[in-house]
Amino acid sequence: MGTVWAVIKREYLQRVRTRWFVIATIGAPILFLGLIAAPALFGGDVDEVDRTLAVVDHTGVLYDGLAARLDAGDFIVEPAPGDNLSALDARVEEGELGGYLVLDQATLTRGDVIFATAQQPSALRALSLQQAVAQTAVEVRLGGDRADVEALLRGGNLDVRLAAGAAGGVGVEDPRFLVAYVGAFILYMTLLFYAVAVMRSVLEEKTSRIVEVVLSSMRPFQLMLGKILGVGAVGLTQFAIWIGFVTLVALTGLPALVMNQPDLLSMESIQAFVPGLGLPALFVLFFLGGYFIYSGLFAAVGAMCNSDEEAQQAQFPVIMLLVVPIIFVAGVIQSPTEPLSVGLSFVPFFTPILMFARVAVGGAAPWEIAVSVVLMAVMVLAVAWVAGRIYRVGILMAGKRPTLPELLRWIREA
Amino acid sequence: MTSSAIRLTGVTKRFGKHTAVDAFDFEVPEGSIYGLLGPNGSGKTTTIRMIMGILLPDEGRVELFGSDPGETRRRRVGYLPEERGLYRKMKALDVLVFLGEIRGLKPSDARGRALSWLDRLGLSEWATTAVQDLSKGMQQKIQFVATVLHEPGLLILDEPFSGLDPINQDLLEEIVRDLHSKGTTILFSTHLMDQAERLCERVCLISQARKVLDGDLREIKRRERRGVVAVGFEGDDGWLRSPEILSQEAVGDALHLLLAEGTDPQIILRRCLEAGVEVHRFERVEPRLHEIFVRHAGTEAATGGGGLPRGRVATASAPGRGGF
């Protein structure tokens, strides 16, 4: 055990001390935070002048409704007479006014509107003006309550009533969709990243020939095991740091963010982001299962190659195994109880990503999770057996890469 | 009676149709310094890899220190493989500590020993430099330190001198002698006969997967004395073309003739006189290891593998220039 421990320690320390680890571990959450904060930074027009708009209403019926809408959207609105546009132009040029809208008959019939302003408006600004005008036009022509019209335009609630016993999927707007999708993607990326790291490490030992010295002191399987555990521990460390970071942000930053941007994050979506302990625990479990499967396969690939270029080609089939669930994940999230979704999620190579996605959207029964985890564990052992044999023969083998029949012979005879 | 550090009994290894090592019996007594000699491709590295458990023999038995080798037993061995390498991105000291640890040293012990070795080899200031930033010579020294760090009772060195400059060759030779004088058993393979001749007490010659000669070097030489004669003559060299003379080589001002097994030097002398050349020197000389090897393995084995410098074995076209 002492030797395996030494291998684990070497793999772990060598990786954690590198620059990329610090960058990826600290950089990724900062990027994540940036993505959350970006709309808050760019969304609102901070400058008061930019928010001040004049409205010239030739129709005489649109001003009140539009003013109310723009007011709610944080604009400062003033009415303006239609006979002196050059005065308005002058105010825009002098920077007293963010711009002015001219509403006429075409606005009422088609929603067309002129927006005179000093500079090209941002897409968001243009869209909010366009929508406010269109909604007002519809409201005026339709009559009725403002909120009703808005709901109508946005598309009303689709109240889904499922038949008894059926578990539903979730749509794009449901926060659980985001959790499932982001979680599945993080699984995909980290599994690929760390399994490939194992392959590179195997290849480095093989091409530098140090493996012969190392293997004179331990069995090949001990070396492979130590390597996989050491690299895996780096992955878990990274998760721990990320989870700690997210918790920290949730405790300090998130409430502030919610106060500034109440629309961005409702209380419901916060609850979706901070689910119970069950989902993160399953996430780690699926990561570990997937990692043991894929790192074993990648270790075998590394052992049968003699150069990075060869490994690039040889790893292709294994990478395909990882890509399949990513191709299906969106479909699985939307219909987690479809036979195809269920079937795929039971294939141990796909279980980590697809079963996680099903669980995240509440589309998997506990027994299904249990069965998939057991199947995954069986596959871990099978891969360890097969990969261990390929590794044992391949790691000391120079010369050309084995063909498939040769590979099968390695497995049989090792 | 001394016990043996290594004992191979009938060890055979095949790669497909090719037999790399054929029914090999071999014993290295404890405390000896043993040379495993042969041209490249003769099976030296395969034999060593089987001793180290990296390859498993198809037939036969390998024993280390008197019983079946396991990882624990192999940890008492210091192994320097023919193809060397280190973790390029690790610091020199870290590599040494790691390699010490996997052979059962405590990290702190490994560190202390590594530092004192680095000091001895004048590498102290490079301890925290990444291996890839060290010169090739330094890397080879580090590699050697890694081999002896855990104070193994048995050192197995596969072509330890290849690729070293003369200064480092001498340094390594000195360290090997030093370890041997402290009781370490040493087995090393080489195709450099002169090196083996200087260092070894015992040698084993192998050629084309088979053992051709094995035993105490001095005894072998004594036994083989009949095999080489030095002649100096003037005149036509046509008489040298005879089946009894395996090869000829100019050594100093004489010509060393390597005689086929069982050839009486008197026959050669007679033939020489019959040829009517003027002989001014004819004596039996102690053969060099190289000549012994050629005599037993044949010229084709010695040169065929490409391991021996070809120029060393003179061909029949060498003129019979005798010295004065």
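The table that follows gives values for the structure above.
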{"quantity": "Shape box of region B:208-293 [Cα atoms, principal axes, largest first, Å]", "calculated": "41, 22, 20"}
{"quantity": "Residue order, fewest to most surrounding Cβ atoms within 10 angstrom, among A:Arg15, B:Arg270", "calculated": "B:Arg270, A:Arg15"}
{"quantity": "Approximate shape of chain B as ellipsoid semi-axes (Cα gyration tensor, √5λ), whole Å, largest first", "calculated": "43, 22, 16"}
{"quantity": "Estimated Rh, the protein assembly as shown: Kirkwood, alpha-carbon pairs, angstrom", "calculated": "32.9"}
{"quantity": "Protection proxy ranking of A:300-307, B:135-142 - average other beta-carbon atoms within 10 Å, highest first", "calculated": "A:300-307, B:135-142"}
{"quantity": "Number of partner chain Cβ atoms within 10 Å, mean per residue of A:7-18", "calculated": "2"}
{"quantity": "Antiparallel content of DSSP bridges confined to the protein assembly as shown, in %, to 5", "calculated": "60"}
{"quantity": "Set of lysines near B:Lys106 by C-alpha distance (under 28 Å), chain-local residues within fewer than 8 positions excluded", "calculated": "A:Lys9, A:Lys206, A:Lys227, B:Lys89, B:Lys91, B:Lys141, B:Lys182"}
{"quantity": "Reciprocal mean inverse distance between Cα atoms of region B:131-213 - Kirkwood radius, Å", "calculated": "13.9"}
{"quantity": "Within 10 Å of each Cβ in B:75-81, the average number of Cβ atoms from other chains", "calculated": "3"}
{"quantity": "Per-residue mean of C-beta atoms belonging to partner chains within 10 Å, peptide A:287-300", "calculated": "0"}
{"quantity": "Ordering of A:196-206, B:95-105 by packing [mean C-beta count within 10 Å, highest first]", "calculated": "B:95-105, A:196-206"}
{"quantity": "Amide H contacts under 5 Å for B:Cys200, placed H, 5+ residues apart", "calculated": "none"}
{"quantity": "Percent of Cα-Cα distances greater than 17 Å, calculated over region A:74-137", "calculated": "43"}
{"quantity": "Choice from A:Leu404, A:Leu53, A:Leu375 with maximal GNM fluctuation in chain A (Cα, 10 Å cutoff)", "calculated": "A:Leu404"}
{"quantity": "For region B:87-179: relative contact order, % (alpha-carbon pairs under 8 angstrom, 6 or more apart)", "calculated": "31"}
{"quantity": "Two-site label geometry, A:Ser122 and A:Asp89: point separation in nm, points 7 Å out along Cα→Cβ", "calculated": "2.8"}
{"quantity": "Highest-fluctuation residue, B:Glu63, B:Glu224, B:Glu261 considered, GNM on chain B with Cα pairs under 10 Å", "calculated": "B:Glu261"}
{"quantity": "Computed over region B:1-143: relative contact order in percent, which uses C-alpha pairs under 8 Å that are six or more apart", "calculated": "20"}
{"quantity": "Inter-part distance where region A:47-97 and region B:85-118 are each reduced to a Cα centre, Å", "calculated": "76"}
{"quantity": "GNM result for chain A, Cα springs below 10 Å: residue of A:Arg17, A:Arg51, A:Arg110 fluctuating most strongly", "calculated": "A:Arg110"}
{"quantity": "Normalised contact order of chain A, rounded percent, pairs of Cα under 8 Å and 6 or more residues apart", "calculated": "19"}
{"quantity": "For q = 0.08, 0.10 Å⁻¹, Debye-computed log10 I/I(0) when each Cα of chain A counts as one equal scatterer", "calculated": "-0.64, -0.83"}
{"quantity": "Protection proxy ranking, peptides B:280-290, B:46-56, average beta carbon neighbours within 10 Å, highest first", "calculated": "B:46-56, B:280-290"}
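Every number here is computed from the coordinates shown, using simple stated rules; none is lab data. Nothing here was measured: the structure is a model prediction, and the numbers come from that model. FYI the Cβ positions are ideal-geometry reconstructions off the backbone, even for glycines, and counts take in every protein chain you see.
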